[in-house]
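J.: Got a structure here, written out as structure tokens. Questions coming.
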Amino acid sequence: MKHAIIIGATSGIGMEVAKKLLDEGWRIGIAGRREPELKRLQTSAPERISVQALDITREDAPERLLELIEQTGGMDLFFLSSGIGKQNMELLPDTELRTIETNASGFTRMVTVAFRYFREQNRGHLAVITSVAGTKGLGAAPAYSATKRFQSTYLDALAQLAHMQKLNIRFTDIRPGFVATALLNDPKGYPMLMKPERVAAQVVRALNRHKRVAIIDRRYAILVFFWRLIPSRIWERMNIR
């Protein structure tokens, strides 16, 4: 039986990916800040789900992650879905710094533990939900787009490090567009909004195919292709919200 650890499984993409993996016969360990939500999911398959309350911004998060891995019986897949972000054109410092603390510092705290674990057993699959927002700097959400670029670049660096150290570790950078989750908690209407269940199905397909980068879905893949062609001097004059 394969073992997966899912961080950020209390709702949204993380929860739906957990359900999909259960359907495929995985044994999973799920973590997040809201323990009642984790335990509610655990009732669906108590013999195959371990639970750990965990906040990736806290210093005890690595210790709690290792405890969850032990409870689960090991780890073949590490899947990080925790993240925050919102539009902040006023550049409120608390919003920007809280985003950086979660998406950069918390992300680093978790993936370094997972990498070292996989290095010790010389195998594993490390996957992270980043975002198409990391493709370009978005004026409406500076910290969010910057931290998502950070995550993708960090994964690039880890993939190179694994190759340098001749480690059998796979990496998947999952870049969805707008998804109808609690992350989009403002009344703004978002284009090409996707349901978490649909996104999760594509995420699990990408994991099974060992894709290095997976843009979810095809519409966003086309969008990102054209984004990359826009010169910086033109991009900076575009009004994107």
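J.: Determine the share of the chain's accessible area contributed by carbon and sulfur atoms, expressed in whole percent, with a 1.4 angstrom probe.
T.: For the chain, the apolar C and S fraction of the accessible surface comes to 52 percent.
J.: Around MET194, under 10 Å between beta carbons, what's the net of Lys plus Arg minus Asp minus Glu among the other residues?
T.: Its environment carries a net charge of +1.
J.: Counting only heavy atoms of protein chains, what accessible area per residue, in Å², does the chain have with a probe of 1.4 Å?
T.: That works out to 51 Å² for each residue.
J.: Would you tally the net charge around THR10, using a Cβ to Cβ cut-off of less than 14 Å, leaving THR10 out, and scoring K and R as +1, D and E as -1?
T.: With Lys, Arg at +1 and Asp, Glu at -1, the net is +1.
J.: In µm²/s, what is D for the chain at 25 °C and 0.890 mPa s, where D = kT/(6 pi eta Rh) by Stokes-Einstein and Rh is the Kirkwood radius from Cα pairs?
T.: 135
J.: Can you give the Rg to Rh ratio for the stretch 1-113, taking only C-alpha atoms and Rh from Kirkwood?
T.: Radius of gyration over Kirkwood radius for the stretch 1-113 works out to 1.01.
J.: May I ask you to order 130-140, 52-62, 222-232 by the average number of other C-beta atoms within 10 Å around their residues, highest value first?
T.: Result, highest mean Cβ count within 10 Å first: 130-140, 52-62, 222-232.
J.: Evaluate E = 1/(1 + (r/R0)^6) for GLU59 and HIS210, where r is the Cβ-Cβ distance and R0 equals 35 Å; express this FRET efficiency to the nearest 0.05. Mind dumping the intermediate values first?
T.: Values: r = 33 Å, r/R0 = 0.94.
Calculated transfer efficiency: 0.60.
J.: What full-extension length gain, to one decimal in nm, is calculated for TRP235 and MET1 as 0.36 nm per residue of separation minus the Cα-Cα distance?
T.: Residue separation times 0.36 nm, minus the Cα-Cα distance, leaves 79.5 nm.
J.: Just grab the label-to-label distance for GLN87 and LYS39, each label 7 Å out from Cα along the Cβ direction, in nm (one decimal).
T.: A separation of 3.9 nm, rounded to one decimal place.
J.: I need the calculated FRET efficiency for the pair LYS195 and GLN71, taking r as the beta carbon distance and R₀ as 30 Å, to the nearest 0.05.
T.: 0.45
The values are calculated or read from the model by the stated rules, or taken from the named source; none is laboratory data. None of these values were measured; they are calculated from a predicted model. Note that each Cβ is placed from the backbone with ideal geometry, even for glycine, and that neighbours are counted across all protein chains shown. These area figures cover heavy atoms from the full protein model, side chains too; ligands, DNA and RNA do not enter into them. Shrake-Rupley method; radii C 1.70, N 1.55, O 1.52, S 1.80 Å.
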